[in-house]
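The values are calculated or read from the model by the stated rules, or taken from the named source; none is laboratory data. This is a predicted model, so every value here is computed, not measured. Virtual Cβ from ideal backbone geometry, glycine too; neighbours counted across all protein chains shown. Areas reflect the complete protein model, heavy atoms only, side chains present, ligands, DNA and RNA absent. Shrake-Rupley method; radii C 1.70, N 1.55, O 1.52, S 1.80 Å.
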Amino acid sequence: MRAVVFNEFGAPDVLQVGDVDRPEPGPDDVLVRIGAAGICYHDVLSRGGKIPGKPGRILGHEIAGEIVAAGTNVAPERIGERVVLYQRLFCGTCRNCLNGRQDLCRNGRVLGEQGWGGYAEFACVPARNAIVVPDGVDIAAAALAVCPIGTSVRAALGIAQTEPGQVVLITGAGGGLGLHQIQVAKSVQARVIAVTSSADKTGIVREAGADEIIVSPDLKFSGEVWRRTGKRGVDVVLENVVTGTFGESLRSCAQLATVVVLGNIGARPVELDPGLVIVRRIRIAGSGNATFKDVRMALHLLATKAVKPFIGRVLSFPQAAEGHALMEQRAVSGRVVLQGW
Ligand SMILES: [Zn+2]
Ligand SMILES: [Zn+2]
């Protein structure tokens with residue numbers, strides 16, 4: 001089968017179309033003809049050798065397509081299903097899996113890292129990893145259900161447990177995560193205050209449904225948040241940036257607020273004012289990949305049109321290198337999705 005592979009770490013052009021053996025489904029597996037694969041910033045870092053892993057593999061963990069073959073233990077009726085692939089191959093028996101936290105499986109492997117990736121014609125996964133896509137959700141949108149939409153569900157609904165009427169502050173609101181988080185928070189009737197450092201993003205942030213937008217090139221936004229909340233502060237912060245924003249996010253908090261940490265843009269420690277955290281009883285929580293339940297919720301939000309997928313560019317699979325270059329240059333708002341050969 002055709003696949004986009006890379007045999008060394010480096011610039012986007014290390015991604016090349018090659019021929020690799022098509023995977024054969026084992027007894028519990030399904031073979032999926034890939035219809036769409038999202039390009040995640042994680043893939044860009046993997047290709048550049050910035051996160052652990054080896055070259056010589058197929059990248060991509062945002063994968064949707066159609067089941068075309070199934071192993072002997074899988075119901076043959078599943079052939080023909082449109083599916084999105086849960087990105088982590090999990091054991092199902094460790095304490096995290098048994099708690100419904102497959103995202104933290106202690107024996108897990110991630111598609112595109114240690115498992116088959118999405119930049120290919122086919123992928124092979126255990127049948128339980130293939131989640132049915134509802135009618136009316138197209139295959140490119142489905143590819144975004146795991147990440148970034150599922151990741152947004154995890155942060156806004158899973159970790160922060162955002163409730164109707166609460167005020168949610170979103171930093172880096174014009175990015176791929178932020179644009180989906182705005183919609184997920186709006187799906188439970190929260191009020192969203194979006195912060196972006198660039199005035200160019202206000203149009204798309206408004207389109208995503210933010211109630212208020214603060215353009216803050218110097219990242220000093222807490223005074224404005226205070227003013228817009230009647231000196232009350234926000235109940236939830238979804239922190240996609242952290243570096244250069246964390247102190248302002250804490251200062252924007254109401255009492256008993258939850259700050260969800262997702263971003264690590266600067267990849268270095270940030271300062272924390274313990275007095276502020278104690279006085280306001282602020283909860284600070286890390287968040288990451290979607291659980292199974294989050295992916296189902298993401299698909300539901302897509303099917304009901306509560307969330308619209310922000311797809312900035314559709315490229316063919318052989319144009320994967322161009323997609324990576326666009327991501328590195330931050331030249332696209334929303335996801336870059338690969339479709340077609
Ligand atoms: Zn991703
Ligand atoms: Zn496990």
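Output the residues belonging to region 308-322 that are touching a residue at least 40 places away in the same chain (Cβ under 8 Å), closer than 16 Å to GLY18 by Cα and open to solvent by 20 Å² or more (accessible area, probe 1.4 Å).
PRO318, ALA321
Find the residue count for region 207-238, including only residues that are under 20 Å from GLN189 (Cα atoms) and not in a strand (DSSP E or B).
11
Among the residues of region 239-280, what is the count of those that are at negative phi and either part of a strand (DSSP E or B) or hydroxyl-bearing (Ser, Thr, Tyr) (or both)?
The qualifying residues number 13.
Of everything in region 83-108 that's in a helix (DSSP H, G or I) and not polar (S, T, N, Q), which residue is most open to solvent (accessible area, probe 1.4 Å)?
Once the filter is applied, the top-ranked residue is ARG95.
What residue, of GLY286, GLY312, GLY263, is at pLDDT below 95, more than 30 Å from ARG2 (Cβ to Cβ) and touching a strand residue (DSSP E or B) at 6+ places or on another chain (Cβ under 8 Å)?
GLY263
Among (1) modelled with pLDDT of 95 or more; (2) in contact with a helix residue (DSSP H, G or I) (Cβ under 6 Å, 6 or more places away or on another chain), there is one condition GLU121 misses while meeting the rest; what is its number?
Answer for GLU121: the failing condition is (2).
Any residue at all in region 294-302 that is under 24 Å from VAL242 (Cβ atoms), surrounded by 19 or more Cβ atoms within 10 Å (Cβ to Cβ) and in contact (Cβ under 8 Å) with a residue 24 or more places away in the chain?
Within region 294-302, one or more residues are under 24 Å from VAL242 (Cβ atoms), surrounded by 19 or more Cβ atoms within 10 Å (Cβ to Cβ) and in contact (Cβ under 8 Å) with a residue 24 or more places away in the chain.
Hey, which of the strands (runs of 3 or more DSSP E) in region 1-82, taking only ones fully inside, have at least 2 residues that are open to solvent by less than 20 Å² (accessible area, probe 1.4 Å) and within 16 Å of ligand 1 (Cβ to nearest atom)?
29-39, 62-70
Return yes or no: is ALA325 touching a Pro at 6+ places or on another chain (Cβ under 6 Å), of a type in the set (Gly, Ala, Ser), open to solvent by 30 Å² or more (accessible area, probe 1.4 Å) and farther than 18 Å from ILE204 by Cα?
no
Kindly provide the set of residues from region 109-127 that are in a loop (DSSP other than H, G, I, E, B) and open to solvent by 10 Å² or more (accessible area, probe 1.4 Å), ordered by number.
Result: GLU113, GLN114, TRP116, GLU121.
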